[in-house]
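Report on the structure given below.
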């Protein structure tokens, strides 16, 4: 089977498991909506939140909810020893890493589907024009890949480590700070909407592209030595 | 312990002692040179923090790079020696990073009027510091397999170092650029470079001592397990 075929098969396995259990989709989606609601409650009554606040809320909600889903997804694999079973098979480690990266990215996409309408409704967020929407989607897509590339590596590498539920966010959040920063700054520029701001947003998209290239390369390189001993 | 091992031990202790003496000598001389260096006209006396701040920041980056490279060697070759160096260098990155993070805001309060600015150089340095705090946390509380996990983190942490260095050239920032040291006032150079050298001696002394401690700790653990297996001590 080709490399791409193996990645697709492993990804399809994750999707089928989740389609049967439904646990992660509902838990993550619900948690994301609660986070947005909590943020909207904390800004109640005052003047309408600024675009900086909206951009920050979007990315913080994404990071918090994404981490919850990713953490639970690996815990489920650990409970039934499925990750170890795949590691024992002759599947290339790179295929396993990429499939995990993509399944984490899909999970985070669900968060976006919940958080974005939440912001449009509760915060009165406005994105003007197709060009701005395109840039926002590019920022979100690249941000999600950057976040998932780090989370998939360390989530799989946690193995039997103690205090896993604290360790994963502690390892992942410092490494994805550039993603959150670039995402929030880029989103702010998109929401601001002037032609100069859109140029600034494109700069942050390029930054995210460079980050993704670096983190996926590091992930592919480190997956074998980090997870080979599971 | 074999004779050759004992000889290596004696020679490494001699090197450490010599470096320690050099560092101690430096710490006696450097304060006089710093006080004698010309006062910067706009910032005044507070600019002298520069002689501590820059070496601390450089050594924090050196510690992070050393930890990253040693961790990569540990991950690929399984070398315990590399792991000992990695953990020692990571601790030094945290200590020297703390020195840079404390001295920086003290200087900034006088020079910029604020303790902290979300400027790219400051943000990436704070990030590096947090990454290595997480490294030490993972090693201490992570349990089985945490050494590998922490090593992976150190490799990512080391990738932050070039970013810190070039950040001032790419983004608009209020932090001084990398051209400050090469264009330093000739009167300030002896104080700065001797301070740098002294800090570096200190770095290598601490690295050597901490690595030795780590090796002794590993030997102690191995002996303890052996004694336990032989029934010499209770579980």
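Every read-out reported here was derived from the displayed coordinates using simple, explicitly stated rules and does not represent laboratory data. All values reported here derive from a predicted model rather than from experimental measurement. All Cβ positions, glycine included, derive from the backbone under ideal geometry; neighbour counts span all protein chains shown.
Things worth noting here:
- Candidates A:19, A:61, filtered to the one that is within 24 Å of residue A:140 (Cβ to Cβ) and buried (at least 17 other Cβ atoms within 10 Å of the Cβ): A:61
- Scanning segment B:43-57 turns up at least one residue that is touching a helix residue (DSSP H, G or I) at 6+ places or on another chain (Cβ under 6 Å) and farther than 18 Å from residue B:100 by Cα.
- Entry remark, segment A:183-206: residues being touching a residue at least 40 places away in the same chain (Cβ under 8 Å) and within 14 Å of another protein chain (Cβ to nearest Cβ) number 4 in total.
- Residue in segment A:140-149 that is within 14 Å of another protein chain (Cβ to nearest Cβ), touching a helix residue (DSSP H, G or I) at 6+ places or on another chain (Cβ under 8 Å), over 30 Å from residue A:201 (Cα atoms) and in a helix (DSSP H, G or I) present: no
- Among the candidates B:145, B:152, B:157, residue that is out of contact with any helix residue (DSSP H, G or I) (no Cβ under 7 Å at 6 or more places or on another chain), crowded, with 18+ Cβ neighbours inside 10 Å and within 14 Å of chain A (Cβ to nearest Cβ): B:145
Conditions (1) within 14 Å of chain A (Cβ to nearest Cβ); (2) surrounded by fewer than 14 Cβ atoms within 10 Å (Cβ to Cβ); (3) farther than 30 Å from residue B:48 by Cβ, marked per residue:
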{"site": "B:127", "(1), (2), (3)": "yes, no, no"}
{"site": "B:175", "(1), (2), (3)": "no, no, no"}
{"site": "B:205", "(1), (2), (3)": "no, no, no"}
{"site": "B:212", "(1), (2), (3)": "no, no, yes"}
{"site": "B:222", "(1), (2), (3)": "no, yes, yes"}
{"site": "B:233", "(1), (2), (3)": "no, yes, yes"}
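- One residue stands out among those in segment B:102-119 that are touching a residue at least 24 places away in the same chain (Cβ under 8 Å) and surrounded by fewer than 20 Cβ atoms within 10 Å (Cβ to Cβ): the one that is farthest from the other protein chains (Cβ to nearest Cβ), which is B:110.
- Qualifying residues in segment A:219-230 (those that are in contact with a helix residue (DSSP H, G or I) (Cβ under 6 Å, 6 or more places away or on another chain) and surrounded by fewer than 22 Cβ atoms within 10 Å (Cβ to Cβ)) - the one nearest to the other protein chains (Cβ to nearest Cβ): A:225
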